[in-house]
Amino acid sequence: MSDPIVTIRGLHKRFGDNEVLRGIDLDIAEGEVVCLIGPSGSGKSTLLRCVNLLEPPTSGTVNAAGHDMTDPDVDIDAARRDIGMVFQHFNLFSHLSILDNVAIAPRRVLGRSRAEAEAEARRLLTEVGVEGKERARPAQLSGGQQQRVAIARALAMDPDLMLFDEPTSALDPELVGEVLSVMKGLAADGMTMLVVTHEMSFAREVADRVVFLDGGVVVEQGPPSRMLTEPETERAQSFLHRVLHPVD
Amino acid sequence: MASRERTGLTARQRRRLSRAVQYGVFAAAVIAVAALADWGRIADSFLRLDVAADMFPRVWTSFGNTVLYTLLAFVFGMLVGVPIALMRVSSLAAYRWFATVYVEVFRGLPALLVLFLVGFAVPQAFPGVTWPGGVYGQVAIGLGLTSSAYIAESVRAGIQAVPPGQVEAARSLGMSHTRTMITVVLPQALRIVVPPLTNELVLLTKDSSLVFVLGVTTATMELTKFARSELTSTANATPLLVGGLLYLLLTVPLSALARRLENKGDRR
């Protein structure tokens, strides 16, 4: 196996008196799809946001896509170019057209020409199945379409690694599938993905590894076949039971 | 129904009665004012068509100046106000302090006093220094300083109204702080503040009437000064009415535009 593309060591994150992450060690190999699961407040999203430094860690080290993220001298903008991020609430640029949403970063950050960036944006929009909406504003699209555009926007920077922060949690149930299938295609193409999710079926089907977080530590991790049927720890078992049988 | 037993009226009948009483009071007030006014005298003081007609076409020069002064001050206000707004949200404390003091000072001073300062005090304090553009430069700066403080506050509010997720998305794509400001935050913030900025334009239109303190000639007079000088030369108040109507010609469409933009903003 090649060197891991993400290496997290001794990661702590504290918000005031609230220690959300209490010493995380995690490696992600190139091309691996890792799903982060755990109860709300377990620190899944914070961990994800520490990878591209949207949250600066309190202590510990993060290496991602060849950048020492926790080095004070790191060129954070250069590092983030290699790390795509998809948000729960899409966060598409509301003042820009769909096409511009995807083309803006390659133009303004990578210095691509408008023609080149837009051609690539059209290709990506086709890939995520949002065609014929190039001129529309984000608000005119359904949540599922917006999230797929957000994925295309992140892909436009040609990242080495993609972070997904509960990408389907804000969607109406009938729109979840279209986003997950785009993510599935991405995984099949070999993209390295770190996904915070509550979609156990996605984890079962697509993940190479499932990491269970609780109380700011990695409680247990392993292949989805085991993690989602017979985890070893009691905490993982009870979480899984609550997720799979919510009305019991 | 309990209420019906008490008043003998249904809710619908009570609403009608209440409405009839309100109309009655309003009509009585209008009739009383109309009956008490001396219409002959009012017409003679304010509605002399010959006096009004005599103002045209000369009044257009001052009308044009009012528009020009307003725009000059607004452009200056934007050029200074937007950077001040950026300084107010800067991570550098020194910028924030400077911008806060600037806003408090120019928002707290009467526009008239600032005009005096720019027009007389500064040239006196720095002999030999003159403002570029003569009276036009003085107006742009004198009115623009006050305006820039209000514009800065509006734009700051607009910047802070841009959802944090927009910034996170931009930064995640590798945009620098500055690039994010220019490409994502400012365009959205300016959209948010179009209605308050339109209101600022209405206020500036009226504040341009203060320009007379700088001492203006026939060519540089604005509407109010022109109307006052006509008032003096004709010994009749009609010019004030004409001047007032011309202000409304500017401000009412602007207000309507601001309202429309506000509604449009809500829909988005």
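Points to keep in mind about this one:
- Protein accessible surface hidden between A and B, which excludes ligands and nucleic acids, total in Å², probe 1.4 Å: 1700
- The antiparallel fraction among DSSP beta bridges confined to the protein assembly as shown stands at about 55%.
- Think of a 1.4 Å ball rolled over the protein heavy atoms: the range A:71-229 then has 38 Å² of accessible area per residue.
- Between residue B:222 and any residue 5 or more places off or on another chain, the built amide H atoms are never under 5 Å apart.
- Once the partner protein chains are put back, the range A:70-112 shows a loss of at least 30 square angstrom of accessible area, versus the chain by itself, at A:77, A:80, A:87, A:91, A:93, A:94, A:95, A:108, A:109 (probe 1.4 Å, ligands and nucleic acids excluded).
- Within a straight-line Cα-Cα reach of under 26 Å, residue A:44 can be paired with the following lysines, leaving aside sequence neighbours fewer than 8 residues apart in one chain: A:13, A:184.
- Note on residue A:140 and residue B:260: their simple-model spin labels are 2.0 nm apart, each label 7 Å out from Cα toward Cβ.
- Across the range B:171-268, the mean sequence separation of Cα contacts (distance under 8 Å, 6 or more residues apart), normalised by length, yields a relative contact order of 34 percent.
- Cα centroid separation, the range A:1-26 to the range B:156-196 (Å): 30
- Here the Debye sum runs over all C-alpha atoms of chain B as equal scatterers in vacuum, and log10 of I(q)/I(0) at q = 0.07 Å⁻¹ comes out as -0.42.
- Descending by average beta-carbon neighbour count within 10 Å, the peptides A:48-60, B:65-77 line up as B:65-77, A:48-60, the highest first.
- From the largest down, the range A:33-91 spans 34, 26, 22 angstrom on the principal axes of its Cα atoms.
- Based on the Kirkwood approach, the hydrodynamic radius assigned to chain A is 18.6 Å, with every pair of different Cα atoms included.
- In degrees, nearest ten, helix A:98-108 long axis to first principal axis of chain A (Cα): 90
- J(HN,Hα) series, the range A:42-56, from Karplus relation 6.51 cos²θ - 1.76 cosθ + 1.60, nearest Hz, glycine and proline x: 7, x, 4, 5, 4, 4, 4, 6, 6, 5, 9, 6, 5, 10, x
- Our summary gives the range B:117-224 a relative contact order of 30 percent, counting only alpha carbon pairs under 8 angstrom and 6 or more residues apart.
- A straight line joining the Cα centroids of the range B:94-128 and the range A:93-136 runs 46 Å.
- Vicinal HN-Hα couplings computed from phi for the range B:165-182 (Karplus, 6.51 cos²θ - 1.76 cosθ + 1.60; Hz; Gly/Pro x): x, 5, 5, 4, 4, 5, 5, 5, 7, x, 6, 6, 4, 5, 4, 4, 4, 6
- Gyration tensor analysis over the Cα atoms of the protein assembly as shown returns equivalent ellipsoid semi-axes of 62, 32, 21 Å (largest first, whole Å).
- Across peptide B:156-165, the average count of Cβ atoms from other chains found within 10 Å of a residue's Cβ is 1.
- Semi-axes of the equivalent ellipsoid for the range B:79-154, Cα gyration tensor, largest first, Å: 25, 12, 11
- In sequence order, calculated HN-Hα J values of the range B:145-150 (Karplus, 6.51, -1.76, 1.60; Hz; x Gly/Pro): 4, 4, 4, 4, 5, 5
- Computed over protein heavy atoms with a 1.4 Å probe, the carbon and sulfur contribution to the accessible area of the protein assembly as shown reaches 58%.
- Across the range B:59-267, C-alpha contacts under 8 Å between residues 6 or more apart give a mean separation that, scaled by the residue count, equals a relative contact order of 29 percent.
- Per-residue [θ]222 nm for chain A (sum of -39500 (n - 2.57) over DSSP H runs n ≥ 4, rounded to 500): -10500 deg cm²/dmol
- Those lysines that a straight Cα-Cα span of less than 21 Å connects to residue B:225, excepting residues fewer than 8 apart in one chain: B:206
- Packing order of peptides B:147-153, A:241-247, highest average first: B:147-153, A:241-247 (average count of other Cβ atoms within 10 Å over each peptide's residues).
The values are calculated or read from the model by the stated rules, or taken from the named source; none is laboratory data. Predicted model only: the values in this text are computed from it and were never measured. Counting neighbours? That spans all protein chains shown, and the Cβs are built from the backbone with ideal geometry, glycine included. The protein model used for the area step is the full one, side chains on, heavy atoms only, and it has no ligands, DNA or RNA in it. Shrake-Rupley method; radii C 1.70, N 1.55, O 1.52, S 1.80 Å.
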